[in-house]
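K.L.:
The following block contains the structure, expressed as structure tokens.
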């Protein structure tokens, strides 16, 4: 039976993790559908997903892209796919088990209870990160502080990639305007949801660094995030000047 909830999992060379991740997600209650977006993984990740499709008929889907085009573009393609269908709750989740699939239901519950975007947060009850080197923990914590300082967005984990969106959030954000691909993409989506008046809520999770496969973090992604935050601040000032900020009340958009 099809679900009202779709978990989007971008992949690039995740053969060590993908089958176990799919089995875990499909074992959960309530039911979740899964859309894998594979960027031409040379290790055969897409083939492993296709091998699971008979087992999880009508619940497992795949978008195959010819090459590595960036996390942000993978999610945008998946959001468009989801919006063409009847999903009410749309999730972002990594394939490497750094995000615990058991927390999907907690994010969904937060949205059912009233949140428009639920964020799996590492930093609202201390620092809940396992197996990261101190340098990366400090970089991540500083990045979230920097985002709050520049933008005023009251989110403790601004770069988090484990999220649940209500459908109407993705319908309201102009996906054509989303330009960033790495950490900055994660920041931009949160910022625009908050800017347009949606209720953004953080849910405590424990983040565990991958044990199989390789991290996709690069210096370019960090640089994009640093300058991207300044661009978002400038965008928000211009948008306010044009009267584009919205307050979302009972499903209706009201221009401020």
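K.L.:
Looking only at residues in the stretch 210-247 that are at pLDDT 80 or above and closer than 30 Å to residue 113 by Cβ, which one is farthest from the chain's Cα centre (by Cα)?
P.N.:
Filtering first and then ranking leaves 239.
K.L.:
So which residues in the stretch 127-140 are without any contact (Cβ under 8 Å) to a residue 40 or more places away in the chain and within 18 Å of the chain's Cα centre (by Cα)?
P.N.:
Across the stretch 127-140, the qualifying residue is only 140.
K.L.:
Any chance the stretch 172-186 includes a residue that's at pLDDT 90 or above, under 15 Å from the mean Cα position of the chain (by Cα) and surrounded by 23 or more Cβ atoms within 10 Å (Cβ to Cβ)?
P.N.:
Among the residues of the stretch 172-186, at least one is at pLDDT 90 or above, under 15 Å from the mean Cα position of the chain (by Cα) and surrounded by 23 or more Cβ atoms within 10 Å (Cβ to Cβ), which makes the answer yes.
K.L.:
Of all residues in the stretch 49-64, how many are touching a helix residue (DSSP H, G or I) at 6+ places or on another chain (Cβ under 7 Å) and surrounded by fewer than 17 Cβ atoms within 10 Å (Cβ to Cβ)?
P.N.:
Keep residues of the stretch 49-64 that are touching a helix residue (DSSP H, G or I) at 6+ places or on another chain (Cβ under 7 Å), which gives 49, 52, 56, 59-60, 62-64.
Retained after the next criterion (residues that are surrounded by fewer than 17 Cβ atoms within 10 Å (Cβ to Cβ)): 56, 64.
Total satisfying the criteria: 2.
The values are calculated or read from the model by the stated rules, or taken from the named source; none is laboratory data. Note that this is a predicted model, so its numbers are computed, not measured. With ideal geometry, Cβ positions are generated from the backbone for all residues, glycine too; neighbour counts draw on all protein chains shown.
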